[in-house]
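Below is one structure; the comments refer to it alone.
Each reported figure results from applying straightforward, stated rules to the coordinates on display, with no laboratory input. No experiment lies behind these values; they were computed from the predicted model shown. Counting neighbours? That spans all protein chains shown, and the Cβs are built from the backbone with ideal geometry, glycine included.
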There are 2 protein chains.
Amino acid sequence: MDIPALADGVLAGERRALARAITLVESGRADHRAQAADLLAACAVPGREALRLGLSGTPGVGKSTFIEAFGMMLVDAGLRVAVLAVDPSSTRTGGSILGDKTRMERLARAPGAYIRPSPSQTHLGGIARRTREAVSLCEAAGFDVVLIETVGVGQSETVVAEVSDVFVLLLAPGGGDELQGVKRGIMEAADLILINKADGAMVAAAERTRADYAGALRLMRRRAQDPQGFPKALCVSALDGAGLAAAWDEMRALADWRRAEGHWQDRRAAQARHWFEEEVRQGLVALLRSDAGARARMADLGRAVAEGRTAPAAAAAEVVARFRTAAGG
Amino acid sequence: MDIPALADGVLAGERRALARAITLVESGRADHRAQAADLLAACAVPGREALRLGLSGTPGVGKSTFIEAFGMMLVDAGLRVAVLAVDPSSTRTGGSILGDKTRMERLARAPGAYIRPSPSQTHLGGIARRTREAVSLCEAAGFDVVLIETVGVGQSETVVAEVSDVFVLLLAPGGGDELQGVKRGIMEAADLILINKADGAMVAAAERTRADYAGALRLMRRRAQDPQGFPKALCVSALDGAGLAAAWDEMRALADWRRAEGHWQDRRAAQARHWFEEEVRQGLVALLRSDAGARARMADLGRAVAEGRTAPAAAAAEVVARFRTAAGG
């Protein structure tokens, strides 16, 4: 593969080049990983910075309709918008390129938009790396907004929160029942909670849900990286467009404030460091697991620890010592 | 040190032996770590299982008064109660053996109770390991309830939640302001939220705070390991004892349900596995950092990654490859 040419294509904002580049970073093959590293290095051009917008919402909250309407609003305002899906469950439908594009028909055809369907890879470390790297490529390709979407299966919401500049949680009216309830760990990551479907007969219910979540958010301690009043809860309607512009204003206000206060770069730096350290840990564990004996012993010890037969520290010491010996150290 | 004799002392429930055993597991010295492993193995007697009760509350919510009153209620009911403090900030006051015991005067003198002050060690990995191992030793010594207390500095609340069978969050009336607000990530770990100081002129305020938190809890999705109605928010008064028996009833009801449904053992097994894998990761990273060259390179790469000059995956691959070479693999 001609990596310099591919990088040029990405930097020129060519969709086909971007699509091929993302396919490359999604690959787990060792030679592809080496090429991906070269590609990412070639694409790391200073000054290209998108707003990375994380969006989480369970099926049924109207996420596709929201992305279609919200994305079209941005595109109509002259912004270039990339949409990346992070959905480990999409393997069930085979990655569904068709599914991702047909559920956002207008946006998929808009010249200023690029929709990348979910990859079929399910390993979480893989998802995190692929997502980070695909976001970088979209930035290199000159997109203004990269919308990273998740249905929140497993840890994927945490991954999305950890690559976002601004993290938005989309809900439907009628909070409080179990299906609708926010998965633990997510409300606290949210910068903005949007209650969708605030239209027609649902307006009052949406407002009640909004007030409930606004109340819950007030019970949480403000983070240093939040201006006064954030996180916020707002009503929107992807169907009739109500509240979408206001939601975008809030996202921009938050992003501008974080930029002005230095939190934007601090947050990105902290995220990058986090992923670096996570990659080192994963790399070391992978090195350990590449030894068949260590792998088998680790499985045995994992069982012994779970059954209370061995203390975690003693079991871990044995694994680490074995690795040192196996590596000839 | 005579480890078999020390183990016998712990298993016989002797306080001095328990105190010496906890001091041993708190030590970071390599020879002490080896002895601690032997001690923990010798103390791993099946059938000794305490209720591990995590308790988090910021300064000012009346945590010491609560532990004193709640602990005395349990002791008066014939239960043996151990109290462990997990407080990375206590190094500021030098570990404060005196502080920990004088703030719970009656409980400190009760024959059925054992209060262990915070250790002076601050490293979080160390705190997690020390806490887990101290809890195991208290169980081996025959305590019925091990109360693990944290003021929630840094990640210490997460550590406490990860070693608890039941996790309780203690608050004061007047939620909603920033100082009182719950630190993000904690509400979701709570099985029970207790609003303390529900006495005298504060009863109505406490009830309003309780209702606010009950509302917020209803917005979160129920976990598989929660029976209907949990997590709950209740009012208590450590001062006049109101609600303490009801809170204990709820904790027992939750514990009994989790036992009956198999969640108790599942939770303990998952926690043990988590700590094992965490110890392996920490051990491997420590092995890496023991190489001065790798340590320096990792610091350089960490900066390069934070500044966006290198991608996390590429930087991590370099560190891991270097380690493999350095280890002679």
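Quick notes on this structure:
- Lysine pairs with alpha-carbon atoms under 16 Å apart, the protein assembly as shown, spacing 8 or more or separate chains: 4
- Average beta-carbon neighbours from other chains, 10 Å sphere, peptide A:284-297: 2
- For segment B:273-326, average projected area of the Cα convex hull in nm²: 4.0
- Take B:Gly241, move 7 Å from Cα toward the beta carbon, and the resulting point lies 6.7 nm from the same point in each other copy, nearest first.
- Between segment A:281-308 and segment A:189-256, the alpha-carbon center distance in angstrom: 44
- Relative contact order for segment B:1-44, counting Cα pairs under 8 Å that sit 6 or more residues apart, in percent: 44
- Shielding by other protein chains, B:264-277, mean Cβ within 10 Å: 5
- Electrostatic dipole magnitude of segment B:251-318 [Cβ: Lys, Arg +1; Asp, Glu -1; Cα centre; debye, to 20]: 180
- Placing a label point 7 Å from Cα along the Cα-to-Cβ axis, A:Ala5 is separated from the same position in the other copies by 8.0 nm, shortest listed first.
- Crossing angle, helix B:312-326 versus chain B [Cα axis fit, 0-90 degrees, rounded to tens]: 60
- Percentage, to the nearest whole number, of Cα pairs in the protein assembly as shown over 41 Å apart: 34
- Peptide packing: for B:309-316, B:104-111, the average count of neighbouring Cβ atoms within 10 Å per residue gives the ranking B:309-316, B:104-111, highest mean first.
- Inter-chain Cβ neighbour average for residues B:299-311, partner chain, 10 Å: 5
- Residues in segment B:283-309 that a label on A:Ala269 would reach, taking backbone N under 18 Å of a point 7 Å out along Cα→Cβ: B:298-309
- Full-stretch length increase - A:Ala77, A:Gln228 - with 0.36 nm per residue and alpha-carbon distance subtracted: 51.6 nm
- Given charges at beta-carbon only (K, R positive; D, E negative), |dipole| of the protein assembly as shown in Debye: 840
- When the P(r) is computed for segment B:1-86, the part past 23 Å accounts for 38% of the Cα-Cα pairs.
- Note on chain B: helix-only mean residue ellipticity at 222 nm, from DSSP H runs of 4+ residues weighted -39500 (n - 2.57) and normalised by residue number, equals -17000 deg cm²/dmol.
- When only the Cβ of Lys, Arg, Asp and Glu is charged (+1, +1, -1, -1), the dipole of chain B relative to its Cα centre reaches about 660 debye.
- Rg to Rh quotient for chain A, alpha carbon positions, Kirkwood Rh: 1.01
- A dipole drawn for chain A from +1 and -1 charges on Cβ atoms has a positive end, and of A:Ala5, A:Leu234, A:Ala296 the residue lying farthest that way is A:Ala296.
- Averaging the sequence gap over all C-alpha pairs within less than 8 Å and six or more residues apart, then dividing by the number of residues, gives chain B a relative contact order of 17 percent.
- Sorted from closest to farthest, the other copies place their A:Pro59 label points 5.0 nm away, with each point set 7 Å from Cα along Cα→Cβ.
- Entry note: segment A:1-44 has Rg to Rh equal to 0.93, where both radii use alpha-carbon atoms and Rh is the Kirkwood radius.
- 0 to 90° range, to nearest 10: angle between helix B:292-306 axis and chain B longest Cα axis: 70
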